[in-house]
1. If you check residue A:198 against the conditions, is it touching a helix residue (DSSP H, G or I) at 6+ places or on another chain (Cβ under 6 Å), crowded, with 20+ Cβ neighbours inside 10 Å and more than 28 Å from residue B:65 (Cβ to Cβ)?
2. Taking the stretch B:115-149, which residues are in contact with a helix residue (DSSP H, G or I) (Cβ under 8 Å, 6 or more places away or on another chain), away from chain A (no Cβ under 14 Å) and surrounded by fewer than 24 Cβ atoms within 10 Å (Cβ to Cβ)?
3. Here are the criteria: (1) out of contact with any helix residue (DSSP H, G or I) (no Cβ under 6 Å at 6 or more places or on another chain); (2) away from chain B (no Cβ under 13 Å); (3) farther than 19 Å from residue A:55 by Cβ. Tell me which single one residue A:256 does not satisfy.
4. Please specify each residue of the stretch B:52-74 satisfying the condition of being within 14 Å of chain A (Cβ to nearest Cβ) and surrounded by fewer than 18 Cβ atoms within 10 Å (Cβ to Cβ).
5. Could you identify the single residue in A:192, A:132 that is free of Cβ contacts under 8 Å to residues at least 40 places away in the same chain, within 23 Å of residue A:284 (Cβ to Cβ) and surrounded by 14 or more Cβ atoms within 10 Å (Cβ to Cβ)?
6. Taking into account only those residues within the stretch B:22-37 that are out of contact with any helix residue (DSSP H, G or I) (no Cβ under 8 Å at 6 or more places or on another chain) and surrounded by fewer than 23 Cβ atoms within 10 Å (Cβ to Cβ), which is nearest to residue B:143 (Cα to Cα)?
């Protein structure tokens, strides 16, 4: 068994939060550059160039990419041969506490916006720390700990949707609805998007899969040929909408569609679409 | 490219057409969800507002904390439609431009027409770039709201597009008509 201390988890989450909010991932930058080179609308190409400028300014001058530094979503994959332990003072600390301590420190030291309210309906008072984070933990084989941090903006999250289909529908009907969801998101959610799609599982799993799908690289199509083709056909249909960068028209409404699936009930076909803005901020570390 | 000076003169607002690119100089106020709710509640109660709405521009933004020595942190637009229930009342009381990202409701469009105001769209998700056009920032109301407090910003050559004009035109309608989808 390997032992990893909670302090190391906290420090890792802290640095991932800061890196995510200041440094656009290489694959997103490459996708924006490729889109700018292909755009047939000069105004849209100009917007894409401004978004690339923004990424350069953010990294060089240490100004966050976007003022909405998000609700922090943290995926922790714990190898079965890893023990997480408190190497310090308090044996009551949990993995969740360690992650939240990292988020609190990262958002404070990184001059990031604290965008979390404690009670959703009654008072909506800001917690002042950007915690609690949303933490998804899973056990996998091996002796590593994989931590992915996503700074997920509210504007695009607000446009995400879920629908329960009849199990007898054709794939095309599901695809048409996904395109409609993206169209409805439009200018409100900062296109060009990365579109995360979760198909199958149940009510809550499909939504989780749609978020998890966003973590797959933009240059990595689905390993299954059926879903790889569905991703590429959906991308073409979405870009045919003409919504364009920031909704001001153009060929680039999405950079990629990413699908994750799970087995489901014979009666069900749950589908979730998680809209992600062009400022697709996420970082991963493997301990 | 049209240069606009804020607070806005009525004539400058009325000549703007949907799709025009503008650069904004002068004073704009920040406000987002909770500040809008409070401003409208103050109007309903007959109280004096903490800002002068005559010819004013309200920018829908909640910036990141400024680093020591910096004017402001990242400061890009938030989604405009969340302010749809509140904007018509503020426009009726003198507000002449709102600035954010995305679509506005029919009720807001009607208010823009009725009172001669516009909605500007600026660069969503470009908070670092846009912060370079902000040369002054001070909190003027609702400090307890933190990032959602009302700030008085001094802006220089702040880039935006006229998304909805005072004659009922919309850049988003133009794009939809052009793409036919």
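Here, each number is a calculation from the coordinates, and none is a lab measurement. If you're wondering where the values come from, they're calculated on a predicted model, not measured in any experiment. So basically every Cβ, Gly included, is an ideal-geometry build from the backbone, and we count neighbours across all protein chains shown.
1. yes
2. The answer is B:115, B:116, B:141.
3. Condition (3) is where residue A:256 drops out.
4. B:66, B:67, B:68, B:69, B:70, B:71
5. A:132
6. Kept after step one, since they are out of contact with any helix residue (DSSP H, G or I) (no Cβ under 8 Å at 6 or more places or on another chain), are these residues of the stretch B:22-37: B:22-30, B:37.
Subset that is surrounded by fewer than 23 Cβ atoms within 10 Å (Cβ to Cβ): B:22-23, B:25-27, B:37.
Numbers: B:22: 30, B:23: 28, B:25: 25, B:26: 22, B:27: 19, B:37: 15 Å.
Step by step, filter the stretch B:22-37, then rank; the result is B:37.
Residue-wise test of (1) crowded, with 20+ Cβ neighbours inside 10 Å; (2) within 30 Å of residue A:286 (Cα to Cα); (3) within 14 Å of chain B (Cβ to nearest Cβ).
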| site | (1), (2), (3) |
| --- | --- |
| A:144 | no, yes, no |
| A:155 | yes, yes, yes |
| A:173 | no, no, no |
| A:182 | yes, no, yes |
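For every residue, the table says whether it meets (1) closer than 25 Å to residue A:188 by Cα; (2) touching a strand residue (DSSP E or B) at 6+ places or on another chain (Cβ under 7 Å); (3) surrounded by fewer than 20 Cβ atoms within 10 Å (Cβ to Cβ).
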site	(1), (2), (3)
A:226	no, no, yes
A:233	yes, no, yes
A:243	yes, no, no
A:248	yes, yes, no
A:255	yes, yes, no
